[in-house]
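**Q** First, the structure itself, so that you have it in front of you.
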Amino acid sequence: MRYGEKEIHDFDIEAEENFWPNEHEKSYTIEIELPEFMCKCPRSGYPDFAKLHLSYIPENKVIELKALKLYINSFMDRYISHENAANEIFDTLYRKLEPRWMKLVADFNPRGNVHTVITIDSDRI
């Protein structure tokens, strides 16, 4: 196993060092684009690719960007549907960050003439 694969394999999103204190009281939006998301179709095993757009207004914590990268990359060898991947990412980050507001858009590349976009917005749940 190469060092990057080991780092992804051993990564734990639950570790507190992945989250830093938000040093600002004002409301501001953090927008992050993750253009190389990959997981595997649970039925066929074919790779699914997506561009993720994460936006949130922090309360007390922000996520360290390398931790986010490792967390997102941890999906590349998982057999998981588009819906389950998007919901798991949103739920995990929302639970850990406890933001004022958060939105995740998972825009999956078309495959087999189907294009899936999953949007989860904390204001709508």
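**Q** Taking a threshold of 18 Å on the Cα-Cα distance, which of the pairs K40/K103; K26/K69; K61/K96 fall above it? Mind dumping the intermediate values first?
**A** On the way: K40/K103 23 Å; K26/K69 26 Å; K61/K96 8 Å.
Among K40/K103; K26/K69; K61/K96, the Cα-Cα distance tops 18 Å for K40/K103; K26/K69.
**Q** Can you return the aspartates and glutamates within cross-link range of K6? Criterion is Cα-Cα under 20 Å, with same-chain partners fewer than 8 residues away left out.
**A** E14, E16, E17, E36, E64, D77
**Q** Build a GNM of the chain with springs between Cα atoms under 10 Å: which of Y79, Y56, Y46 gets the top mean-square fluctuation?
**A** Y46
**Q** Show that you can apply the helix-only estimate: for the chain, add -39,500 (n - 2.57) for every DSSP H stretch of four or more residues, divide by all residues, and state [θ] at 222 nm to the nearest 500.
**A** Result for the chain: -8000 deg cm²/dmol, rounded to the nearest 500.
**Q** Can you compute the FRET efficiency between T92 and N113 using 1/(1 + (r/R0)^6), with r the Cβ-Cβ distance and R0 = 22 Å? Round to the nearest 0.05.
**A** So, using R0 = 22 Å, E works out to roughly 0.10.
**Q** Let me ask you something else. Which value in nm describes the separation of the simple spin-label points at E83 and H24, placed 7 Å from the Cα toward the beta carbon?
**A** A separation of 3.7 nm, rounded to one decimal place.
**Q** Moving to a separate point now. If you plug each phi of segment 72-84 into the Karplus form 6.51 cos²θ - 1.76 cosθ + 1.60 with θ = phi - 60°, what whole-Hz ³J(HN,Hα) values come out, in order, with x for Gly and Pro?
**A** 5, 5, 5, 7, 5, 10, 9, 8, 8, 6, 4, 4, 5
**Q** Same structure, new question: Once the Cα atoms of the chain are picked out, what are the Rg and Dmax in Å?
**A** Considering the chain through its Cα atoms, Rg and Dmax are 14.9, 47 Å.
**Q** How do 118-125, 63-70 rank on mean C-beta neighbours within 10 Å, highest first?
**A** 63-70, 118-125
None of the figures in this text is laboratory data; all of them are computed from the coordinates on show. Keep in mind that what you see is a predicted model, and the values were worked out from it rather than measured. All Cβ positions, even for glycine, are placed from backbone atoms using ideal geometry, and neighbour counts span all protein chains on display.
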